[in-house]
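Below: the structure, in structure tokens.
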Amino acid sequence: MGQYIAPLRDMQFVLHELLNVESELKQLPAHAEVDADIINQILEEGGKFTSEVLFPLNHSGDREGCHHDKATHTVKTPKGFKEAYEQYIAAGWPALSCDPEFGGQGLPLVVNNSFYEMLNSANQAWTMYPGLSHGAYECIHEHGTDEQKSLYLPKLISGEWTGTMCLTEPHCGTDLGLLRSKAEPQEDGTYKITGAKIFISAGEHDMSHNIVHLVLARLPGAPEGSKGISLFIVPKFLPNADGSNGARNPIFCGAIEEKMGIHGNSTCQMNLDGATGWLIGGPHKGLNAMFVFMNAARLGVGMQGLGLTEVAYQNALVYAKDRIQMRSLSGPKALDKPADPIIVHADVRRMLLTAKAYAEGARAFCSYVALQLDKELNHPDEATRKDCADEVALLTPIVKAFITDNAWTSTSECLQVYGGHGFIAEWGMEQYVRDARINMIYEGTNTVQSLDLLGRKILMDNGAKLRKFGAKVQAFVEANGTNEALAEFVTPLAELGDKVTKLTMEIGMKAFQNPDEVGAAAVPYLRVVGHLVYSYFFAQMAKIALEKQDSGDTFYKAKLATVRFYFARLYPETAMLIRQARSGSANLLSLEADLF
Ligand SMILES: Cc1cc2nc3c(=O)[nH]c(=O)nc-3n(C[C@H](O)[C@H](O)[C@H](O)COP(=O)(O)OP(=O)(O)OC[C@H]3O[C@@H](n4cnc5c(N)ncnc54)[C@H](O)[C@@H]3O)c2cc1C
């Protein structure tokens, strides 16, 4: 069933030639010893694990799905998932980028990030189990008490326990201010939590000894809305002081959802019936604490989009070279065959190059953001840490929404390469399209990401974060503006930078008069800024490829072709998107709801 080979060459290009991670990490005392050899070794091992252990379970996991036993409230994951997880923890993979104080390996996030791309390419549904655990780790690491850290972190880091995020309730998803789950304080300092959560990924399963649920609920007398939400650690089994499992906590899976994709991941309705929980992050400060998890998860969902784009592309490419149909318009190419392989046809190439460009753009972008996160956490200079934090905050909604929207397009184009066979389950392509769809919805829909970018991250700080990123773009443009060989890349980058500045000011002015203008512009606006980010990275990649194109390594020729395709065929949608973003709110809001 298809193939997955980790794209090590492109990962190494991004890490070592584009981002110079080795010298960047040298500035961070925590990672100063991490060199290119270490990184390459980890990626090679990760490539083996993901292609040999996880990828073979992707299609079977999709066909089989998870099994819920109502009587025991247990969930069995698809055949092979549990054993793969045992191999994963035996190899120490969950500890890769975690804090050595609690048993982690202390490697940089930028390395973990590349590994997560591979995991998601090989098997997104499986990857969500450890992926959520990593989010829970980050949340407890930042907001937990010393006692909570020493109890939970070593188990999450070793992978013995997994984690979940329990936010959504039947009547509230986007608007968490509506949530109703209640937490009653107990004399011993714990809380009894009651409520119903839905759509909880990895809420119940058979892969780990315990499950650490991070649950949002309201304390008695809490303020209305999102200001009255607190966060609780609610373990499936109450842990004894030595970390062994104690009594079963009444947080039970009532049902699992039948869904469009990611069948191998259990999406659970969780009922809390006076379950014991421990407050984390302070009373009414739950959303603040949960944001650590949510931000990690948003970057993680972007990686899911990248992973699916890459694996769909790899398989469509193999198919396009093998499948013969019709002759090239300019005359036969495969004279030994009765027809040409479909890769000769221009439009098949357009579909393949769309996925290739979106995968390579996303890889550069995500790796950059992960490196900025490493600097935010570890750089000795406070001002640099703050700059990096601002940049990560600005770019996170773009990672989440732009990459997952592009993954939907890319997986669909790759399915199209297969013609009718793409629609047939046996080939595996339709699974990628189905799996890709959820990434645009959960962790805050892509609309919500757009509102976050334009409203909170840009307009609310008067464009300060965007200007800082713009200054980097401007510096590249100024440094390379006179290089004629680069003009085909630098000119559109510079033009788009100017257009984003003007567009932002225009929407900002309109928003003063009418806040609905933000909602009307946000989605096309995010895509325009996404293209600015990609143009910036593609122009830098083109510069390196031009410098090395005579090295004899055909990788650079392919890179240049991809960048040229990007600027010729994907970037131009910015013109349409800018018109949409400028068109105002009246064309959306003037029609009364009952006239629809
Ligand atoms: C498979 C799966 C796994 C999930 N895993 C988890 C999990 O592990 N933990 C968890 O807590 N939740 C999880 N979720 C829930 C997920 O995060 C929510 O479904 C999502 O946030 C959207 O909420 P909703 O479904 O209630 O949609 P709603 O909030 O009802 O939104 C409906 C539509 O209205 C739009 N909308 C809402 N408000 C606005 C606005 N202000 N402006 C413009 N448009 C708006 C939305 O973008 C959306 O298109 C999962 C969901 C699924 C399907």
Listing of strands (runs of 3 or more DSSP E) fully contained in segment 152-264 that carry 1 or more residues being hydroxyl-bearing (Ser, Thr, Tyr): 161-166, 191-201, 230-235
Selection from segment 243-275 of residues that are out of contact with any strand residue (DSSP E or B) (no Cβ under 6 Å at 6 or more places or on another chain) and β-branched (Val, Ile, Thr): Ile262
Filtered residues of segment 169-189 (kept if within 14 Å of the ligand (Cβ to nearest atom) and farther than 17 Å from Ala289 by Cβ): Glu169, Pro170, His171, Cys172, Gly173, Thr174, Asp175, Leu178, Arg180
Segment 449-462, residues that are surrounded by fewer than 16 Cβ atoms within 10 Å (Cβ to Cβ) and either within 18 Å of the chain's Cα centre (by Cα) or more than 16 Å from the ligand (Cβ to nearest atom) (or both): Asp461, Asn462
Residue under evaluation Lys48, criteria (1) under 23 Å from Asn265 (Cβ atoms); (2) at pLDDT 95 or above; (3) open to solvent by 30 Å² or more (accessible area, probe 1.4 Å), criterion not met: (1)
Given (1) within 14 Å of the ligand (Cβ to nearest atom); (2) open to solvent by 10 Å² or more (accessible area, probe 1.4 Å), index of the condition Leu272 fails: (2)
Complete set of residues in segment 416-432 that are of a type outside the set (S, T, N, Q) and open to solvent by less than 30 Å² (accessible area, probe 1.4 Å): Val417, Tyr418, Gly422, Ala425, Gly428, Met429, Tyr432
Segment 283-309 residues that are in contact (Cβ under 8 Å) with a residue 12 or more places away in the chain and over 22 Å from Leu54 (Cα atoms), paired with ones that are in a helix (DSSP H, G or I) and among the polar types (S, T, N, Q) (beta carbon under 6 Å, 6 or more apart): Leu287/Ser226; Asn295/Thr396; Arg298/Thr396
Filter result (free of Cβ contacts under 8 Å to residues at least 12 places away in the same chain and part of a helix (DSSP H, G or I)) within segment 49-82: Glu52
Residue match in segment 83-90 (condition: surrounded by fewer than 22 Cβ atoms within 10 Å (Cβ to Cβ), more than 20 Å from Ser60 (Cα to Cα) and in contact (Cβ under 8 Å) with a residue 24 or more places away in the chain): yes
Residues (under 27 Å from the mean Cα position of the chain (by Cα) and either over 21 Å from Trp278 (Cα atoms) or open to solvent by 10 Å² or more (accessible area, probe 1.4 Å) (or both)) located in segment 178-200: Leu178, Ala196, Ile198, Phe199
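So that you can scan it fast, the table gives a plain yes or no per residue for (1) modelled with pLDDT of 95 or more; (2) hydroxyl-bearing (Ser, Thr, Tyr); (3) closer than 30 Å to Ser121 by Cα:
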residue	(1), (2), (3)
Leu216	yes, no, no
Leu219	yes, no, no
Met294	no, no, yes
Ala320	yes, no, yes
Arg323	yes, no, yes
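The values are calculated or read from the model by the stated rules, or taken from the named source; none is laboratory data. What you are looking at is a predicted structure, and each value in this text was computed from that prediction instead of being measured. A quick note on method: Cβ atoms are made from the backbone with ideal geometry, for glycine too, and the neighbour counts reach across all protein chains shown. These area figures cover heavy atoms from the full protein model, side chains too; ligands, DNA and RNA do not enter into them. Shrake-Rupley method; radii C 1.70, N 1.55, O 1.52, S 1.80 Å.
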